[in-house]
Amino acid sequence: MSFQRLTDLPVELLYEVQLDALSASFPHVSRHFYRVFKLASTSFHAEYILRRVMADGRRGIVARALRYPLCATEVFDALCRHSDFVLLQNESSELPRRLFKFDPRPASQWTIHDRPLPFLKFLRNHPTIRGIHPFIDDYGLTQAADAVFVPLIIFLLECGAGYYYRGPTGALLWAAKKGHMKVVQAVLAQYHNVNSRNQNDMTALHCAIEGSNHAILKLLLAEDGVDVNLKGPEGTTALYWAACSGDMEIVELLLAQDDVNVNLEDTSYETPLSMAAEDGYSAIVERLLARGADINSTNIHGETPLLLAARNGYEDVVELLLTREDIDVNAKGKHGQTPLLLAAGKGHEAVVELLRNDKRTIQ
């Protein structure tokens, strides 16, 4: 029997040729080959993928199998049923980038039914590979954020980022920290959760400050019902975090809120003023004092802002604090030391001179 054309060859023979071909692009050598390949059974597609990935060993076979567009739900099921599809101990995989190519659309039109979400959920719950693959993927998250694909962002965060970024709250906090403005807007529009906190008591305000994202902080502060005094980890407020950051623009944004409380303490009785003084941020100290910060507040160790600044040798902060008539220049800390004694013990001569020149100081 002789064959004049490819179309004269039995389909079974073409299957065998494709399975044994040296190149993965072999099905594309002719339209007929490609048509036969596309119309083949699920089991054939699984066999084809398996032979390809096994050629490079067993390590990472899940990741390599998922790179094939053919590897959809039914084909992957067939792969897992194959006797040669044996996963190595501690097997892990990366999600292929092909899954994260989206057609642009408005953020409000994305749903849980849009690809690749159904397939990713299928993979997450598949009994053969459950628990062995990390779904958190920087590339996937970045692509989802660029597309403002909020349901996918929520899914990826829940699968791999731990409890800090779960659900809509997690998506909001993650986007606020990373600077994804459109994602923040989309989550707020859908869930109205500007004051929500995660299991670590982080809020979107805290995350925006942590990421130094001024524009997102402005957006959050403009939201109806935003609580600027909401406490986060260890009782810290957004203003507390701003004072610690040394970022004057962020401090000004928060102080512009009429209801901001500048004297709220954390669990160690530290205030925004005490933190700014301890870190030497004189401009922030000045602004906090102007808004009514308690200059003689004490932390859990009995330390005042003046004592903290003197101990660390911040001459400009000490000088600023001493201009206030209501300051207690002789307040003692936990071990009975005054600002003067602490500054002298640390060798901060300029601060010592400032304190000694103040008539209120007990020498």
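The values are calculated or read from the model by the stated rules, or taken from the named source; none is laboratory data. Fair warning: this is a prediction, and the values are worked out from it, not measured in the lab. Positions of Cβ are generated from backbone atoms using ideal geometry, with glycine treated the same way; all protein chains shown enter the neighbour counts.
Here are the numbers for this structure:
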quantity: Tally of residues being surrounded by fewer than 24 Cβ atoms within 10 Å (Cβ to Cβ) and among the hydrophobic types (A, V, I, L, M, F, W, C) across the stretch 300-314; calculated: 1
quantity: Candidates Leu87, Leu19 - the one that is in a loop (DSSP other than H, G, I, E, B) and at pLDDT below 75; calculated: Leu87
quantity: Test result for Asn193, assigned to a loop (DSSP other than H, G, I, E, B) and crowded, with 19+ Cβ neighbours inside 10 Å; calculated: no
quantity: Some residue of the stretch 310-317 being over 42 Å from the mean Cα position of the chain (by Cα) and over 22 Å from Asp266 (Cβ atoms); calculated: no
quantity: Residue within the stretch 314-323 that is more than 17 Å from Gly280 (Cα to Cα) and in the same structural domain as Ala276 (by TED's automatic domain parsing) present; calculated: no
quantity: Which numbered condition Val148 misses (of (1) assigned to a loop (DSSP other than H, G, I, E, B); (2) modelled with pLDDT under 85); calculated: (2)
quantity: Helices (runs of 4 or more DSSP H) contained entirely in the stretch 204-299, each with at least 3 residues that are loosely packed, with under 15 Cβ neighbours inside 10 Å and touching a Lys or Arg at 6+ places or on another chain (Cβ under 9 Å); calculated: none
quantity: Sole residue being closer than 18 Å to Gly302 by Cβ, in contact with a helix residue (DSSP H, G or I) (Cβ under 9 Å, 6 or more places away or on another chain) and either in the same structural domain as Asn296 (by TED's automatic domain parsing) or not hydrophobic (A, V, I, L, M, F, W, C) (or both), chosen from Ala350, Ala344, Ala331; calculated: Ala331
quantity: Residue count for the stretch 300-325, restricted to those that are assigned to a loop (DSSP other than H, G, I, E, B) and among the charged types (D, E, K, R); calculated: 3
quantity: Among the residues listed as Arg52, Arg98, the single one being surrounded by 11 or more Cβ atoms within 10 Å (Cβ to Cβ), outside the structural domain of Glu158 (by TED's automatic domain parsing), at pLDDT below 85 and part of a helix (DSSP H, G or I); calculated: Arg52
quantity: Output for the stretch 331-349, where each listed residue is out of contact with any Asp or Glu (no Cβ under 7 Å at 6 or more places or on another chain) and buried (at least 16 other Cβ atoms within 10 Å of the Cβ); calculated: Ala331, Lys332, Gln337, Thr338, Pro339, Leu340, Leu341, Leu342, Ala343, Ala344, His348
quantity: The stretch 174-186 residues that are assigned to a loop (DSSP other than H, G, I, E, B), paired with ones that are among the small types (Gly, Ala, Ser) and modelled with pLDDT under 90 (beta carbon under 8 Å, 6 or more apart); calculated: His180/Ala145
